[in-house]
1. Scan segment 260-275 residue by residue and report those that are hydrophobic (A, V, I, L, M, F, W, C) and either more than 8 Å from ligand 1 (Cβ to nearest atom) or touching a strand residue (DSSP E or B) at 6+ places or on another chain (Cβ under 6 Å) (or both).
2. Could you list, in sequence order, all residues of segment 364-413 that are surrounded by fewer than 18 Cβ atoms within 10 Å (Cβ to Cβ), out of contact with any Lys or Arg (no Cβ under 9 Å at 6 or more places or on another chain) and touching a residue at least 60 places away in the same chain (Cβ under 8 Å)?
3. I need the full set of residues from segment 232-269 which are within 12 Å of ligand 2 (Cβ to nearest atom) and either part of a helix (DSSP H, G or I) or at positive phi (or both), in order please.
4. Can you tell me which of (1) basic (K, R); (2) out of contact with any Leu (no Cβ under 9 Å at 6 or more places or on another chain); (3) assigned to a strand (DSSP E or B) is the one K193 doesn't meet?
5. Six or more apart or on different chains, Cβ under 6 Å: which pairs go from a residue in segment 23-45 that's basic (K, R) to one that's at pLDDT 95 or above and surrounded by 21 or more Cβ atoms within 10 Å (Cβ to Cβ)? Could you list them?
6. Test of understanding: among D326, D362, which residue is within 24 Å of E18 (Cα to Cα) and within 27 Å of the chain's Cα centre (by Cα)?
7. Before we move on, is T89 of a type in the set (V, I, T), within 16 Å of ligand 2 (Cβ to nearest atom) and more than 15 Å from the chain's Cα centre (by Cα)?
8. Select from segment 207-231 the residues that are part of a loop (DSSP other than H, G, I, E, B) and not acidic (D, E) and write down the one among them that is surrounded by the most Cβ atoms within 10 Å (Cβ to Cβ).
Amino acid sequence: MNAPRSLTLFNTFGRRAERFEPLHPGEARVYTCGPTVYNHAHIGNLRTFLFEDLLCRALGHLGYRVRQVMNLTDVDDKTIRGALEQGVTLAAYTEPFIASFFADLDRLQVRRAELYPRATEHVPEMIALVERLIEKGAAYASDGSVWFRIASDPEYGRLSGIDPEATRRGERVASDEYEKEDVRDFVLWKGAKEGEPAWDSPWGPGRPGWHIECSAMAMKYLGETFDIHCGGVDNIFPHHENEIAQSEGATGVRFVRYWVHAEHLLVDGEKMSKSLGNQYTLGDLIARGARPRAVRYLMQSVHYRQKLNFTFTSLEAAGAALRRIDDFRFRLEHAAEGGAGGAALAAPTAAFEERFDAALADDLNVSGALGALFEWVRETNGAIDRGALGGGDRERLLAALARADEVFGVFDAARWPESSGGPEEAEIESLVAAREAARQSRDWATADRLRGELAALGVTVEDTPSGPRWKRA
Ligand code: AMP
Ligand code: ZN
């Protein structure tokens, strides 16, 4: 196998683009903070998960072996509150949201991580980590809970730039946190309150704090030092700052080499919130006629360090971009290979592949990668129109499209049966688009043949001033 291609990533730690150098040659170990399963994921969460999917696919495409781990936060304040309110066990409460999370991943064709460890199944590892911190003087037990001692970590704030001294000592943050030595200290283990789910520990019954969950699971599966840790920007502080403090406090070695964070998704230019009624789930979008394939394309077409403004108009534009790809693929599959072939198409295809990979290697520059793709589509369409497609070209060009699709995962309509009303709808749409393209170029023979193919599928097409409309007979 060829050596992986070198790439740069923007490291939140230090806030600059850095060349990615994995700890283990050729292998990228990636930890991605997973969902808190107290609710259905909203499309903001899904943006972050789709970014992580793109990152892992891009790493694979550039030649790295990828080990991705994504945790499930199935015990925390919110899941416990939900379970208590419904009077069910924690597991009974979270199970439907775990199922819904995986269903969303499938609907968006997110590639599965290697592992999805659950917090509730790693409590012994969390307890062991807390014990190590106590031994080192970086943590202390108080009243059945255990706190991380910020004063033990002179470099606290190294990731987020937050100055812990700015929080006044002795200030009371919440009434149930009175047992802390210092207001800045954060909880590692929470003593159980009456009626709450609890695990036995050296400090009595209780449960892990959220931050320690990720430290323990990340180190268990990826090592005390590993390559990449991702999340949304809201995770930078306090979650990831605290993960570093705990992990490095226990091991004395660097926890993560590259911190990579996705900016937030907005809806109609505003932060999503329950009160604005714009906190959509994928199911909400589908109920409003959105197709997961277009949702995926839209989310993958905006650079991860830019805010993504979700609107239904932008979703339509995503659909239009996909139709161009579908039309291109259709022409590629059906055009006659009567031309000379060879250099006329081989050179632009090789140039496209190089530009595509170079853009991805530049901190996942998706605009550059998609720009290269659409330019190649335009050039190739022109060449097909000129009858330049020669023997072997079809296969070579389809392979180039498939390579690009390894990364974006949206360019093949045939793989998106559920993205439309019926199993063959994507095929119908691409036939309709191809017939329209043939009509535009006054290729009546092809247009008629395609009308015949559509008729065979029980579909009739009507040509209207705003374009073709089709319906099932
Ligand atoms: P949670 O389920 O709250 O633990 O969040 C799961 C992931 O979604 C985390 O990585 C968050 O940083 C991310 N996230 C939360 N809100 C948004 C948002 N509006 N846009 C993008 N990512 C988000
Ligand atoms: Zn986490």
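1. V260, A262, L265, L266, V267
2. N365, S367, R403
3. Hits for segment 232-269 are D234, N235, I236, P238, H239, H240, E241, N242, E243, I244, Q246, S247.
4. Status for K193: all satisfied but (3).
5. R29/L222; R29/F226; R29/D227
6. That would be D362, the only listed residue that is within 24 Å of E18 (Cα to Cα) and within 27 Å of the chain's Cα centre (by Cα).
7. Judged against the criteria, T89 is not a match.
8. G209
The values are calculated or read from the model by the stated rules, or taken from the named source; none is laboratory data. Bear in mind that the values here come from a model prediction, so they are computed numbers and not experimental data. Backbone-built Cβ (ideal geometry, glycine too); neighbour counts: all protein chains shown.
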